Amino acid sequence: MARALRKNPLRLWERLYLLAHLLTIDNAHLALNLVTCVSLAVLRGIPIRHFFRVARNRFALGCLSPREIQHMNPSTATIYREWIASTCAAAQARIDSGHATPDDQYMLDHLHCHEEVLSDGESSILWVGDRRRASKFVLFLHGGGFIAPMQDGHLEWCLRSFIQAGRHQGQHVAVAVLQYTLAPEARYPVQLTQAADALACLLKLGVRPRDLVIGGDSAGANLAAQIMSHLLHPHPDAKEAALPHEERIAGVFAVSPWVSARTDDQSMADNAFIDMLSPVIMEKAVHELFGNHDKYNAEKKRGQGWAMPADVDTGAWYKGLGKFVERVYVTVGTQEVFRDQSVVFAEGIRRTNPDIEVVLEEMYDEAHDFILLEGKRKEDGDATRRMRRWIEGVFW
């Protein structure tokens, strides 16, 4: 069984301080975020249904430290186990009551806890779907700024966009969710080494690159970009993942990708008060990921884009990526701070890789990571359906 990664817990006085803070000052911050986000959505003619959660996430990321966020949330492995149990229990209850949906028996047959610890003894693969029966696979890298664990919304997204896509095609898809070590306990490039290890593990299990998609949201999309970089320019600290049979990975997706450490582009200014992220939040996140920035700055100076590919010449860095990847799907919201860097990232790959099918979607009604928010609501929203259509096009 995978370890529920949680180190350096809050001491008693830190817990008391956090409680007092949440009961007093932070209520005002939450209310201000709620009024600001929802008001701007109304002014821009955007449906407000997701912006209440946007405001709550903005409050957590802006007002709480990484250790406080990790204290208040279950670990990725715990979320996984609880979600499997609750999803199967709900399916069984509907069957017993005579109100079963077409997916319920399928979920009971295919959703079981299956965890594999990777070679470092810290990170692990958490399987969603039956990998022994699967013919198609997704390596899923969750977001959270590298400081927050996975949410149950990530798993709902995987179920609705990937597992059910396979069921509708009469085939089985299994999703390998990576539980990686969070910052500040581990900083760049530790998460890359763990993701590379996960990819190597899948290849060792016999997964063919043509049957594999890799991707994630936000920081997870950054990690997917790091994997692409590592395939093209092997990072000295990470395990090499040689693709067998000269096959290409079927596709890579990046939802609201965090691919630049800059906080001064136009979309940062345009969306600083409507999105769940802000320039101040991202400056803190950059510090947590890189620490003293020495490694990142040295790589950037040499034109190496492992950590943040939009901070170097993205096209030049990814030139030749078509040898390893067939398709890239980037989706971003017009209302999010990552809009401009996401466009730079996608267009850079497209510019120097005519042999890669690059799809870039910019959705006006969306801010950061709306597919995750749809998952939190357990709904097949527009972002979820678009992802499902893309994965169907890749595999079938």
Query raised in the report: Would you pick out the residues in region 189-210 that are closer than 30 Å to residue 67 by Cβ and either open to solvent by 20 Å² or more (accessible area, probe 1.4 Å) or modelled with pLDDT under 95 (or both)?
Result: 190, 193, 201
Query raised in the report: strands (runs of 3 or more DSSP E) wholly in region 92-206 with at least 2 residues that are small (Gly, Ala, Ser) - which ones?
Result: 173-179
Query raised in the report: Give me the pairs: first residue in region 207-218 and outside any loop (DSSP other than H, G, I, E, B), second residue open to solvent by 10 Å² or more (accessible area, probe 1.4 Å) and basic (Lys, Arg), beta-carbon distance under 9 Å, and six or more apart or on different chains, which are they?
Result: 209/248; 210/248; 211/136; 212/136; 213/136; 213/327
Report task. Could you tell me which numbered condition residue 169 fails, if it satisfies all but one of (1) open to solvent by 10 Å² or more (accessible area, probe 1.4 Å); (2) among the polar types (S, T, N, Q); (3) in contact with a Leu (Cβ under 7 Å, 6 or more places away or on another chain)? Result -> (3)
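Mind telling me which of the residues 183, 195, 148 ends up being without any contact (Cβ under 8 Å) to a residue 60 or more places away in the chain, touching a helix residue (DSSP H, G or I) at 6+ places or on another chain (Cβ under 9 Å) and of a type outside the set (Asp, Glu)? Talk me through it step by step, then tell me what you get.
Details: 183 fails: without any contact (Cβ under 8 Å) to a residue 60 or more places away in the chain; 148 fails: without any contact (Cβ under 8 Å) to a residue 60 or more places away in the chain.
The conditions single out 195.
Which residue, of 248, 262, is within 21 Å of the chain's Cα centre (by Cα), open to solvent by 30 Å² or more (accessible area, probe 1.4 Å) and among the basic types (Lys, Arg)?
Details: 248 fails: within 21 Å of the chain's Cα centre (by Cα).
Residue meeting the stated conditions: 262.
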Query raised in the report: Which of the residues belonging to region 36-62 are open to solvent by 30 Å² or more (accessible area, probe 1.4 Å), among the β-branched types (Val, Ile, Thr), in a helix (DSSP H, G or I) and closer than 15 Å to residue 366 by Cα?
Result: 42
Query raised in the report: Looking at (1) part of a loop (DSSP other than H, G, I, E, B); (2) over 30 Å from residue 388 (Cβ atoms); (3) of a type in the set (A, V, I, L, M, F, W, C), which is the one condition that is false for residue 289?
Result: (1)
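Please go through region 346-396 and give me each residue that is part of a helix (DSSP H, G or I), among the aliphatic types (A, V, I, L, M) and within 24 Å of residue 232 (Cα to Cα), ordered by number. Lay out the reasoning, then the answer.
Step one: of region 346-396, the residues part of a helix (DSSP H, G or I) are 346-352, 370-376, 382-395.
Cutting the leftovers down to among the aliphatic types (A, V, I, L, M) gives us 346, 349, 371-373, 383, 387, 391, 394.
346, 349, 391, 394, listed by residue number.
Only one residue in 355, 275, 311 is in contact with a Ser or Thr (Cβ under 6 Å, 6 or more places away or on another chain), farther than 24 Å from residue 160 by Cα and not aliphatic (A, V, I, L, M), so which one is that? Steps first, please.
Details: 355 fails: in contact with a Ser or Thr (Cβ under 6 Å, 6 or more places away or on another chain); 275 fails: in contact with a Ser or Thr (Cβ under 6 Å, 6 or more places away or on another chain).
None of the others qualify; the one that does is 311.
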Query raised in the report: Is there a residue in region 92-110 that is open to solvent by less than 30 Å² (accessible area, probe 1.4 Å) and under 20 Å from the mean Cα position of the chain (by Cα)?
Result: no
Requested in this report: Could you list, in sequence order, all residues of region 75-90 that are within 17 Å of residue 116 (Cβ to Cβ) and of a type in the set (Gly, Ala, Ser)?
Outcome: 75, 77
Query raised in the report: Among the numbered criteria (1) out of contact with any His (no Cβ under 9 Å at 6 or more places or on another chain); (2) over 23 Å from residue 358 (Cα atoms); (3) modelled with pLDDT under 95, which single criterion is violated by residue 243?
Result: (2)
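Would you check if residue 15 is farther than 30 Å from residue 123 by Cβ, open to solvent by 30 Å² or more (accessible area, probe 1.4 Å), over 24 Å from the mean Cα position of the chain (by Cα) and among the charged types (D, E, K, R)? Break it down stepwise before answering.
Values: farther than 30 Å from residue 123 by Cβ: no; open to solvent by 30 Å² or more (accessible area, probe 1.4 Å): yes; over 24 Å from the mean Cα position of the chain (by Cα): yes; among the charged types (D, E, K, R): yes.
No; evaluated as a whole, the condition is false for this residue.
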Query raised in the report: What number of residues in region 265-282 are within 19 Å of the chain's Cα centre (by Cα) and part of a helix (DSSP H, G or I)?
Result: 2
Report summary line: Out of (1) without any contact (Cβ under 8 Å) to a residue 60 or more places away in the chain; (2) surrounded by fewer than 16 Cβ atoms within 10 Å (Cβ to Cβ); (3) assigned to a helix (DSSP H, G or I), the one residue 82 does not meet is (1)
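On the basis of being of a type in the set (Ser, Thr, Tyr), open to solvent by less than 10 Å² (accessible area, probe 1.4 Å) and closer than 21 Å to residue 135 by Cβ, does residue 229 make the cut?
Values: of a type in the set (Ser, Thr, Tyr): yes; open to solvent by less than 10 Å² (accessible area, probe 1.4 Å): yes; closer than 21 Å to residue 135 by Cβ: no.
Here the answer is no, as residue 229 does not meet what is asked.
The values are calculated or read from the model by the stated rules, or taken from the named source; none is laboratory data. Treat the numbers as computed from the prediction; the structure is a model and nothing was measured. So basically every Cβ, Gly included, is an ideal-geometry build from the backbone, and we count neighbours across all protein chains shown. What goes into the accessible areas is simple: the full protein's heavy atoms, side chains included, and nothing from ligands, DNA or RNA. Shrake-Rupley method; radii C 1.70, N 1.55, O 1.52, S 1.80 Å.
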